[in-house]
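Asks: Next up is a structure, given as structure tokens.
The values are calculated or read from the model by the stated rules, or taken from the named source; none is laboratory data. None of the values given here were measured: they were computed from a predicted structure. Reconstructed Cβ throughout: ideal geometry from the backbone, glycine too, with neighbour counts over all protein chains shown. Note: accessible area is taken over every heavy atom of the protein model, side chains too, but ligands, DNA and RNA are not part of it. Shrake-Rupley method; radii C 1.70, N 1.55, O 1.52, S 1.80 Å.
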Amino acid sequence: MEFSEHIKTANVEDVVLRRPFHPPTQGTLCVTGHHLLFSNRDGDSSRLVLLLLRNIDAIEKSVENLLGYSSLFSSTGQSQRFDISVTPCVPSGSSGTITLKCKDLCVLQLDIPGMEECLNIARSIEHLSSLDIVSDMYPFFYRPLTLSLQDQWGLSSPEQNYAQMEELQDRWRLSHVNKDYSVCPSYPPAVIVPHSIDDETLVKVAKFRQGGRFPVLCYYHRKNGMVIMRSSQPLTGANRKRCREDELLLQAVIDGSGLGYIIDTRSNQQAQQARMTGGGFESKSSYSCWKRLHRQLERGKVLQESLIKLVEACGDHSHSVDRWLSKLENSKWLSHVHTALATAGLLAECVERDGHSVLVHGSEGTDTTLLVSSLAQLILDPNTRTLAGFLGLLEREWLLAGHPFQQRCAHSAYSHARLRLEAPVFVLLLDCVWQLARQFPLAMGFSEPLLLRLAMEVYASDYGTFLCNSDQERCAAGVKERTHCLFQFLLKPSERERYSNPLYEPTELAIWPSVQPQSLQLWRGLFLRWTQHAVHLEKAQEELRNLVIECRGAS
């Protein structure tokens, strides 16, 4: 597309930028196809501000005419975030203010001289920040000198993962039944399934599972040979339909081990209601060797509204302790963190302590299923706690497993748009990982800055890693050939050092998180990152990190 058709005013002089931790600055604002560029009059490169338009979640504008009349817009609390005691001189006449609320939770304000210029800039931002065509997005134009499109895209493949697990190859095989994505559009071309189940059977099972997501292996526990499987719900419907092939597949999973568990991330009532719309669950009569456990995890609109309420609470500057605690509780965000960690702990306990294989699913199998399976692997598998191992886990369990990033991360907490398919499931995962890292500060090979970086990149990125909703879509759009991979970049030596945990002490033991209310805390580094308190905390953490590195170097 021609980005110029959406840019009526490309440059405006004498704009005043207000942003957290900085005094108001006067300079030139420039709009490009993918960025807002602000430079101050001194020409100091350190005062150059570059904002990716995709990062903008909401725009609020106010226009003031010569008489001083101003249209109304909500700016509650902004006077507390910005230093407005000193305002550079702005030419008299009509002017406007644009408030940009970003997906990384930062809020910026632009005072623009000229009503027409202000409205033109606002319209350009509205159009260019919400591009729908994947190939028009910035990762397809990002060409840093230090990276090449010839570099490897991604960290590994299903084939490589399977080859590394020699212990399971007697009972499990790598199937390419989905090589053209025709069996399951949201699965990768290759998946691991029981050796005794042929591809013809898998095709029949896929027709019995929502979206074709038949049960596949996602984790093999080397200590006892138990596995974690994931899928979507069975399509039993109101008539309690059965699928003999599906029953055979699950029987093959536990062959010789006696009993398996099914963790359904819906309540029993939700699972029963799903039958009325064609969904359902595994009945005891048809799956006699499997015990079903229900643990309700919220997703979709409920989870998105929880994030919105939490961010609103964190932006409340009323200085009332009771009001703050009430808003925090009403958001229910920490309740979602608790439920996710508790369910993952249950899954890990079934595998490690009880010695049983587990199948995890909810409805579609692309949200809470991936959340629980990922956290359980972090609890059980020390390899997933290294920097490379954690990124590999995200690649396997989220990118290749078909989490619909483009749908779930279309908007963050500030958007005025009507909620459709948005849900911060991946942000909830990162929060849970932060809770684990806080409780076990020596067990993780990566640090909080990596989690913060991922929380930002998933909504707006220079890289193509989180584009699209599945591996099939990324291949069709040419993402792997025409964009750079974030995970490969983060593993470069310079970046690896920045995101590594200097306190890391590898352990082969499982890490069992406490989910008591006193053990869970608000992730201040993310949700309070634009407050003055966060600046002091970040400086203290950086000093501590440097001190640890110095001490280890000396020893």
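Asks: Can you run down the residue pairs with Cβ atoms below 6 Å, 6 or more apart or on separate chains, where the first is in the range 468-484 and touching a residue at least 24 places away in the same chain (Cβ under 8 Å) and the partner is polar (S, T, N, Q)?
Replies: Cys468/Gln406; Asn469/Gln406; Asn469/Gln407; Ser470/Ser186
Asks: Can you go through Leu359, Leu370, Leu375, Leu346 and tell me which one is farther than 25 Å from Leu526 by Cβ, aliphatic (A, V, I, L, M) and surrounded by 20 or more Cβ atoms within 10 Å (Cβ to Cβ)?
Replies: Just one listed residue meets the conditions, Leu359.
Asks: While we're looking at this one, here's another question. Does the range 416-423 contain at least one residue that is buried (at least 19 other Cβ atoms within 10 Å of the Cβ) and more than 30 Å from Lys179 (Cα to Cα)?
Replies: no
Asks: Could you list, in sequence order, all residues of the range 432-462 that are within 13 Å of the chain's Cα centre (by Cα) and closer than 19 Å to Lys103 by Cα?
Replies: Answer for the range 432-462, where residues must be within 13 Å of the chain's Cα centre (by Cα) and closer than 19 Å to Lys103 by Cα: Leu450, Leu451, Leu452, Arg453, Leu454, Ala455, Met456, Glu457, Val458, Tyr459, Ala460, Ser461.
Asks: Oh, and also: Exactly one condition in (1) under 30 Å from Cys485 (Cβ atoms); (2) touching a helix residue (DSSP H, G or I) at 6+ places or on another chain (Cβ under 8 Å); (3) not β-branched (Val, Ile, Thr) is not met by Asp316; state its number.
Replies: Of the numbered conditions (1) under 30 Å from Cys485 (Cβ atoms); (2) touching a helix residue (DSSP H, G or I) at 6+ places or on another chain (Cβ under 8 Å); (3) not β-branched (Val, Ile, Thr), the odd one out for Asp316 is (1).
Asks: What tally of residues in the range 289-340 results from selecting those that are out of contact with any Ser or Thr (no Cβ under 8 Å at 6 or more places or on another chain), open to solvent by 80 Å² or more (accessible area, probe 1.4 Å) and either aliphatic (A, V, I, L, M) or closer than 30 Å to Tyr261 by Cα (or both)?
Replies: Residues that pass the stated criteria total 4.
Asks: I would also like to ask the following. Which of the residues belonging to the range 463-512 are open to solvent by 50 Å² or more (accessible area, probe 1.4 Å) and within 21 Å of the chain's Cα centre (by Cα)?
Replies: Gln472, Glu473, Cys475, Lys480, Gln488, Arg496, Arg498
Asks: Could I ask something else about it? Only one of Arg545, Arg474, Arg496, Arg482 is farther than 30 Å from Ser182 by Cα, assigned by the TED database to the domain that holds Ala313 and basic (Lys, Arg); which?
Replies: Every option except Arg496 fails the conditions.
Asks: Additional query: Show the residue pairs meeting these rules: Cβ distance below 6 Å; 6+ apart or different chains; first residue within the range 377-401 and under 17 Å from Arg474 (Cβ atoms); second residue acidic (Asp, Glu).
Replies: Leu400/Asp471
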